[in-house]
Amino acid sequence: MKYVIRFSPVFIFLLLLNTQNAYAYLDPGTGSYILQILIASLLGAAFAVKIFWQKITTSLKKIFSKNAGEQTNDPE
Amino acid sequence: MTLNDKQSGSFRDPSGFLFFRDGLLYRQVNTYYKENYDFLIGSGLYDKLVKENLLIPHEEADPDYALSGQAYKVIKPDRVPFISYPYEWCFSQLKDAALTTLKIQKIALDYGMSLKDCSAYNIQFYNGKPVFIDTLSFEKYKEGEPWVAYRQFCQHFLAPLALMKYKDVRLNQLFRIYIDGVPLDLAASLLPFRTRFSFSLLSHIHIHAKSQKHYADKAVKPVHRQVKKFALLGLVDNLQTAVNKITWKAAGTEWGDYYQDTNYSSSAQRHKMEIIKTCIEKYKPRNVWDLGANNGFFSRIASDSDIPTIAFDIDPVAVELDYLECRQKKETQLLPLLLDLTNPSPGIGWKNKERMSFIERGPADMVMALALIHHLAISNNVPLINIAEFFHNTCKTLIIEFVPKNDSQVQRLLATREDIFPHYTQQDFEKNFSGYFDILESHSINESERTLYLLQRKAI
């Protein structure tokens, strides 16, 4: 609970920072809408890192499996 | 054609509605939805989702079938044989429904569309798999727009799954009270403190609930900032990870090990199976409901003969194990569902008609009630005449097992209570059921005190 309470002022501060012009109507549910906008950027960044990391591991796997394949195919 | 032909749960969406004509199900697509419908088809999204068995296929029907002047098209979707609801699903069924919804959203975004609603009721189990049934739930994605169905996804899937895992698996019954999913403030208050240490649950449930509360009574200046498509994909990906991480191991209820704890000898069990198999082969029912099916052991006699079968049971562990077996064996004709027969699913929602009651979804061609009657008559004090009447409303033919008072399982039920059931006898059973059914066959089960009856409903 302490964790959340400590987090709340930062959260509300961020919300206030982001509010600008007024529209007549907000959907889906104001709180859900604002939360989504806040966390989506964060999760988008995490997703970019994830995709980048997946690409690196896939390429490394390819390189290693190629080397292993070359070694086993070596007639010697 | 009158408005009465409109399907009673299909009225919220201005994009269209379901209706029945000559017993067949159609969906009217309104001109309001024209642009989105054409994009769904033209973009290839419809074909892609149907090919991957994620969306119910449909064919376009005669536009003259339209019920109102707002019609753009009339489509005829494949008919799902039995409509089930999230409060009738076990943990893995709800989880699979959640993952299917997110998979669809990811594909839709790739094709330039997005789900505009994420109701668990849009998923049905069809040929053994969760399938999205609301063809009109897709809208063209506008760059920068947040996901309009995010809140609904959290309420319909993430919160109930978290509650089922971290609190009690029976909490999916909250769906019976909250038709639009579990309110997030309720979920947050019920979930244990440790769920705040999971980033996904902290953000999508706890902070989400706080944010809803914080803004509930405020006239807020809306934000200008947009949600980029990549951020939206990140959100969907995170929800997918969150759902995947919520696991539940089925164990620990009185019925979970039922077939290891019966008073049947293997010969009696075999004999019972043979009698049921013969009855099914002889009467060839179009569909079967097995009531009190436990893990679906006997239901599979019907489903393995390619008969659409529903295996209902009260126990979440038994239904979970049954569903996992169906999934593992890729069974297409068996659908395990949760049901408390002493308090079956009621009609809920607007006018009590948005979601059908259990009885409304019948009658079944054949019902099997094996080792069930003593639980209804003795554990639940329902007189035999009322039980007979219930089955008369539920099926056309009935395979029912009479379990007499001297059976050890009935003795177990009576061990800690007074025997106030002088009329629970085989003669009384036959007498009461004869008022509603013709007795076609009766078979004493070898090495057992029990009798299997095959009954046919009387027209009364």
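The values are calculated or read from the model by the stated rules, or taken from the named source; none is laboratory data. No experiment lies behind these values; they were computed from the predicted model shown. Please note: Cβ atoms are built from the backbone with ideal geometry, for glycine as well, and neighbour counts cover all protein chains shown.
Residues checked against (1) at pLDDT 50 or above; (2) part of a loop (DSSP other than H, G, I, E, B); (3) surrounded by 10 or more Cβ atoms within 10 Å (Cβ to Cβ):
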{"residue": "A:I5", "(1), (2), (3)": "no, no, no"}
{"residue": "A:L14", "(1), (2), (3)": "no, no, yes"}
{"residue": "A:N21", "(1), (2), (3)": "no, yes, no"}
{"residue": "A:L38", "(1), (2), (3)": "yes, no, yes"}
{"residue": "A:I51", "(1), (2), (3)": "yes, no, yes"}
{"residue": "A:K66", "(1), (2), (3)": "yes, no, yes"}
{"residue": "A:E70", "(1), (2), (3)": "yes, no, no"}
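For B:L202, the conditions (1) within 20 Å of B:Q240 (Cβ to Cβ); (2) more than 12 Å from every other protein chain (Cβ to nearest Cβ); (3) without any contact (Cβ under 8 Å) to a residue 60 or more places away in the chain all hold with the exception of (2).
Just one of (1) surrounded by 21 or more Cβ atoms within 10 Å (Cβ to Cβ); (2) over 19 Å from the mean Cα position of the chain (by Cα); (3) in the same structural domain as B:G181 (by TED's automatic domain parsing) fails for B:C90. It is (2).
Within the set B:F153, B:F175, B:F157, B:F193, the sole residue that is at pLDDT 95 or above and either at the interface with another protein chain (Cβ under 7 Å from one of its Cβ atoms) or more than 30 Å from B:P344 (Cβ to Cβ) (or both) turns out to be B:F193.
Could you tell me whether B:A388 is hydrophobic (A, V, I, L, M, F, W, C) and free of Cβ contacts under 8 Å to residues at least 40 places away in the same chain?
On the way: hydrophobic (A, V, I, L, M, F, W, C): yes; free of Cβ contacts under 8 Å to residues at least 40 places away in the same chain: no.
Answer is no for this residue.
Would you be able to say whether some residue in segment B:138-147 is among the hydrophobic types (A, V, I, L, M, F, W, C) and surrounded by fewer than 20 Cβ atoms within 10 Å (Cβ to Cβ)?
Checked segment B:138-147: no residue is among the hydrophobic types (A, V, I, L, M, F, W, C) and surrounded by fewer than 20 Cβ atoms within 10 Å (Cβ to Cβ).
B:V182 meets all of the listed conditions (1) surrounded by 23 or more Cβ atoms within 10 Å (Cβ to Cβ); (2) among the aliphatic types (A, V, I, L, M); (3) under 17 Å from B:I104 (Cβ atoms) but one, namely (3).
Of all residues being acidic (D, E) and closer than 19 Å to B:V29 by Cα in segment B:122-150, which is farthest from the other protein chains (Cβ to nearest Cβ)? Just the residue, please.
It comes out as B:D134.
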